[in-house]
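Engineer: Sharing a structure here in structure tokens format.
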């Protein structure tokens, strides 16, 4: 997913403000990964599902025991993979129940 320069600058600005306010200064946000997840879940379950899915991914990643920056990145990527699998569309227009075997 490509992000236009103006949007990327705005995302950088809000990310910097929020990470400073939340005191998580060493966090690198993968915009494309999270925006891709938000787009997929929004298509699967409506526009409100996008922000909820990214929150849940962050929460799940935060709940894992991490021993450093790389472990945190891997936890987010793993959680995004699970979330994407759980929100894949089926051929009949519904959301697949593939979440049953996705416990982290």
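Engineer: Which condition number does residue 66 fail, the rest of (1) modelled with pLDDT of 85 or more; (2) surrounded by 13 or more Cβ atoms within 10 Å (Cβ to Cβ); (3) more than 14 Å from the chain's Cα centre (by Cα) being met?
Structural biologist: Result: residue 66 fails condition (1) only.
Residue-by-condition table, conditions (1) part of a helix (DSSP H, G or I); (2) surrounded by 13 or more Cβ atoms within 10 Å (Cβ to Cβ); (3) at pLDDT 90 or above:
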| residue | (1), (2), (3) |
| --- | --- |
| 11 | yes, yes, yes |
| 70 | yes, no, no |
| 76 | yes, yes, no |
| 93 | no, no, no |
| 100 | yes, no, no |
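Engineer: Also: Quick one: what pairs do we get from the stretch 1-14, first residue farther than 17 Å from residue 27 by Cα, second in a helix (DSSP H, G or I) and modelled with pLDDT of 90 or more, C-beta under 6 Å, 6+ apart or different chains?
Structural biologist: 1/32; 1/35; 1/36; 3/31
The values are calculated or read from the model by the stated rules, or taken from the named source; none is laboratory data. Model, not experiment: these values are computed from the prediction. When we count neighbours, we look across all protein chains shown, and the Cβ atoms used for this are built from the backbone with ideal geometry, even at glycine.
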